[in-house]
Amino acid sequence: MTPNREQCEKAYNQGCMWGMGGGDSNRCPYSADEPLAEWWFQGWEAGIDAWHDRNLKNQQAQQA
């Protein structure tokens, strides 16, 4: 089954929110062979990047 746009966006947003909270990528709610897993992981990568950026800025502010 091919997911529709709404399902893809939901999976991406869920992954992004999980990443922005600093969550591990091994908590993906989709099995690796599901198409939505890739959307979730892409969202997680964007979220975890934002989480790292935010923490780096906080560390730099504390050191200044």
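The values are calculated or read from the model by the stated rules, or taken from the named source; none is laboratory data. Please read these numbers as outputs of a predicted model, since none were measured by experiment. Please note: Cβ atoms are built from the backbone with ideal geometry, for glycine as well, and neighbour counts cover all protein chains shown.
Key figures
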quantity: Residues satisfying the stated conditions in region 10-26, i.e. touching a residue at least 24 places away in the same chain (Cβ under 8 Å) and part of a helix (DSSP H, G or I); calculated: ALA11, TYR12, ASN13, GLN14, GLY15, CYS16, MET17, TRP18, GLY19, MET20
quantity: Scope region 27-36; condition touching a residue at least 24 places away in the same chain (Cβ under 8 Å) and among the hydrophobic types (A, V, I, L, M, F, W, C); matching residues; calculated: LEU36
quantity: Answer residue from region 32-64, given it is aliphatic (A, V, I, L, M) and outside any helix (DSSP H, G or I) and is modelled with the highest pLDDT among those; calculated: ALA32
quantity: Evaluation of PRO29 against (1) assigned to a helix (DSSP H, G or I); (2) surrounded by 12 or more Cβ atoms within 10 Å (Cβ to Cβ); (3) not small (Gly, Ala, Ser) (one fails), failing number; calculated: (1)
quantity: Single residue of region 45-64 satisfying the filter (in contact (Cβ under 8 Å) with a residue 24 or more places away in the chain and aliphatic (A, V, I, L, M)) that is nearest to TRP18 (Cα to Cα); calculated: ILE48
quantity: Subset tally (residues that are buried (at least 17 other Cβ atoms within 10 Å of the Cβ) and within 24 Å of THR2 (Cβ to Cβ)) for region 15-26; calculated: 3
